[in-house]
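The values are calculated or read from the model by the stated rules, or taken from the named source; none is laboratory data. Fair warning: this is a prediction, and the values are worked out from it, not measured in the lab. Heads up, the Cβs are rebuilt from the backbone with ideal geometry, glycines too, and the neighbour counts pull from every protein chain shown.
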Amino acid sequence: MRSRWLSPVVHGMVSGALALLAAPGLTPLAAQEPSPVRVESFTLPNGLRVHMVEDHTAQVVAVNVWYDVGSRNERAGRTGFAHLFEHMMFQGSANVQKAEHGQLIERAGGSLNGSTQPDRTNYYNEVPSNRLNLALWLEADRMRSLAITAENLKNQQEAVKEERRLRFDNQPYFAAFVDSLPTMFDRERCFAYSHSIIGSMDDLNAATVEDVKAFFDLYYAPNNAILVITGDFRPATARQLVRDYFGGIPAGKPVPAVTCAAQAATGSEVVKRIPDRNANLPAVLTAYRAVPPSHADYPALELLSTILGAGESSRLNRALVREAKVAVAAQALFNPFGPMRGAGVFGALVIANQGVDVDTLHRSLLREMRTAAEGITAEELTKAKNSWRSGTIFGRQTAIALSEAVHYAAMFLGSPEAINADAARYEAVTVADLRRVAATYVRPENSLTLLIVPEGR
């Protein structure tokens, strides 16, 4: 299945959510505020955590499993396993043939996919309400009995290589972005985030069936998973189905803790010059080490990122594209690979205008980042808050989007109920907070800059 990675130049997904305000179990508020979400939770004896949100707005239900495993759980010499399993999980199980999972969901009128991020791998199904049992059964069958064979491993190793060639190595800027941005984290002190999500092709080639089976047994067990069900269903029915399908799956061993030690400032900006055979124009990517979503500074950093580089009216677009004309595109980056519980990434990507060399572009971007929070007005902050608020409201319209929001709260904010408290954190941010976080994190000695230049020029 194709993974839904965040694009280097596009952050966030917005859909519509007007119908959410009328959903049963949700208390209507003023239209400009995210509506409270009533979450019902329980845990099976094998450790599977289950969160449910009943919403009869549409006759659709989402079944969304997040495994607490991503590239951060990989070890040196065996990277790329989390992304490999995004593919392997569709290769069949005890009662499901290869690729049949997708066929069954699509024949039922549903949709499905999976994706890999540093801290989690997700597998979701969105189906008509009367096929809830199908989606749950399919997820349980592959959790219990995934077909890990030499043949399946070989063909999915080749699938990952082909994905790498088509989606990264064959597009400008992507390979440099995916491979080099993680090097902002020290490999010895924070291996978890210092390597590419897609992993090393040499590591994948060296992987054995035994290696892959051990990874699955450890990380794809019910005690290392969260199941979220949202949409048009009856909680009592869903509870019984979950018990029937998942209850007999044995718990796995405790998962080793992942550490990422805080990294000391380097004393100066780290700059790497990277040739790109697919690029026609130079580009500069500057990134700063930041904080996880649960940190008190996270909302201010996200709002600052919006002010700096989200949209035509953003500061970077105005200064570098419209006024100085040194760039054809400017975009803020905020956790471009997905949120992380042990770290954070804040930065910007700019692509040079015709005739502008990479060093000139670098100096221009650095000047704007040095003054990131200078002169920010209350109006700019209000606009950024409105953008966050509307994105949050509209982003909960569909059953699958709501399930992702519940998952995010459970994994990154500490509990599924935190979905209802997050808005207050963003509303509390002041202009002074923006200046403070800029001074704290947006510093050259806390950064990595990639100068991406067309190869041979």
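Given the condition over 16 Å from residue 362 (Cα atoms), of a type in the set (S, T, N, Q), assigned by TED's automatic domain parsing to the domain that holds residue 439 and surrounded by 14 or more Cβ atoms within 10 Å (Cβ to Cβ), answer yes or no: does some residue in the range 244-263 qualify? No, the conditions are met nowhere in the range 244-263.
Residues 166, 227, 218: which one is part of a helix (DSSP H, G or I), aliphatic (A, V, I, L, M), outside the structural domain of residue 344 (by TED's automatic domain parsing) and closer than 30 Å to residue 249 by Cβ?
Working: 166 fails: closer than 30 Å to residue 249 by Cβ; 227 fails: part of a helix (DSSP H, G or I).
Going through 166, 227, 218 in turn, the sole match is 218.
Taken as a whole, the condition of being in a strand (DSSP E or B), assigned by TED's automatic domain parsing to the domain that holds residue 382, at pLDDT 95 or above and touching a strand residue (DSSP E or B) at 6+ places or on another chain (Cβ under 8 Å) does not apply to residue 321.
Residues of the range 403-417 that are touching a helix residue (DSSP H, G or I) at 6+ places or on another chain (Cβ under 9 Å) and either in contact (Cβ under 8 Å) with a residue 60 or more places away in the chain or crowded, with 19+ Cβ neighbours inside 10 Å (or both): 405, 406, 407, 408, 409, 410, 412, 413, 416, 417. Of all positions in the range 384-391, at least one carries a residue that is at pLDDT 95 or above and either assigned to a loop (DSSP other than H, G, I, E, B) or hydrophobic (A, V, I, L, M, F, W, C) (or both).
What about residue 225, is it touching a Phe, Trp or Tyr at 6+ places or on another chain (Cβ under 8 Å), crowded, with 18+ Cβ neighbours inside 10 Å and more than 30 Å from residue 410 (Cβ to Cβ)?
Details: touching a Phe, Trp or Tyr at 6+ places or on another chain (Cβ under 8 Å): yes; crowded, with 18+ Cβ neighbours inside 10 Å: yes; more than 30 Å from residue 410 (Cβ to Cβ): no.
Answer is no for this residue.
Scanning the range 410-457 for residues that are of a type in the set (A, V, I, L, M), closer than 30 Å to residue 273 by Cβ and assigned to a loop (DSSP other than H, G, I, E, B) gives a single hit, 442.
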